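Have a look at the structure below before the remarks.
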Amino acid sequence: MDTLCLSHHFLIAMPDMEDSLFARAVVYMCDHGEQGAMGVIINHGADLTLDSLLGQIGLDGCRPDQVGLPVFVGGPVQSDRGFVLHTPNGEWESSFRISERVSVTTSRDILVAIAAGNGPRHAVVALGYSGWSPGQLEDEIGRNGWLTVGASADILFDFPIEQRYVAAIK
């Protein structure tokens with residue numbers, strides 16, 4: 001039986017989601033295959049801004065339009081590690097192209113570039129990611145835990161956090 005690949009899709013938590021971390025969550029799916037699935041929550045802020053995160057890791061500055069941008073709680077896995085969803089321009093050490101308009105990078109060099117004002121045009125920075133073992137996500141979808149829809153780079157990069165859940169549903 002063929003399975004649907006959910007890379008470059010949104011997972012939208014159904015209203016009765018019991019796990020508080022995923023309540024009203026929109027997860028951007030970075031990878032989905034036989035080895036499992038990996039995504040980043042894009043609408044739960046981490047009470048941290050991009051400029052303050054950069055300062056905490058010894059990098060000063062960012063573009064004026066990036067000051068105050070939220071850092072997200074990407075999920076419960078590796079919550080001490082940064083994941084940057086971004087437009088695919090630039091050469092970063094550990095970058096994976098997900099679609100024509102979205103890549104994910106985990107290396108520090110992208111944060112150095114952002115701090116220097118040379119980073120990607122659009123970036124969503126998250127701490128941690130959401131992961132599923134093989135078959136786990138499919139089981140959760142089968143039990144109506146998630147709604148799946150094709151992802152929109154506009155929702156990912158341009159919509160305010162508080163509008164992403166409703167926009168993804170529409």
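Of note:
- Residue in segment 99-113 that is acidic (Asp, Glu), outside any helix (DSSP H, G or I) and over 12 Å from the mean Cα position of the chain (by Cα) present: yes
- Inside segment 142-163, residues that are in a helix (DSSP H, G or I) and closer than 16 Å to His8 by Cβ make up a count of 5.
- Any hit, segment 110-123, residues being farther than 28 Å from Gly36 by Cβ, in contact with a Phe, Trp or Tyr (Cβ under 9 Å, 6 or more places away or on another chain) and modelled with pLDDT under 90: yes
Yes/no matrix, rows are residues, columns are (1) under 27 Å from Tyr165 (Cβ atoms); (2) among the β-branched types (Val, Ile, Thr):
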| site | (1), (2) |
| --- | --- |
| Ser52 | yes, no |
| Asp60 | no, no |
| Pro64 | no, no |
| Phe83 | yes, no |
| Gly90 | no, no |
| Thr105 | yes, yes |
| Asp109 | no, no |
| Val124 | yes, yes |
| Gly128 | yes, no |
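- Extreme residue, modelled with the lowest pLDDT, among residues of segment 61-83 that are assigned to a loop (DSSP other than H, G, I, E, B) and open to solvent by 60 Å² or more (accessible area, probe 1.4 Å): Val67
- Taken together, Gly131, Gly68, Gly150, Gly75 contain a single residue that is farther than 14 Å from Met29 by Cβ and small (Gly, Ala, Ser), which is Gly68.
- Residue check for Ser94: crowded, with 16+ Cβ neighbours inside 10 Å, free of Cβ contacts under 8 Å to residues at least 40 places away in the same chain and among the polar types (S, T, N, Q): no
- Looking only at residues in segment 27-60 that are crowded, with 21+ Cβ neighbours inside 10 Å and β-branched (Val, Ile, Thr), the one that is nearest to Leu6 (Cα to Cα) is Val27.
- Evaluation of Leu137 against (1) touching a residue at least 12 places away in the same chain (Cβ under 8 Å); (2) more than 29 Å from Ile110 (Cα to Cα); (3) open to solvent by 50 Å² or more (accessible area, probe 1.4 Å) (one fails), failing number: (3)
The values are calculated or read from the model by the stated rules, or taken from the named source; none is laboratory data. Quick caveat: nothing in here was measured; it's all calculated off a predicted structure. When we count neighbours, we look across all protein chains shown, and the Cβ atoms used for this are built from the backbone with ideal geometry, even at glycine. Please note that ligands, DNA and RNA were not included when accessible areas were found on the heavy atoms of the full protein model with its side chains. Shrake-Rupley method; radii C 1.70, N 1.55, O 1.52, S 1.80 Å.
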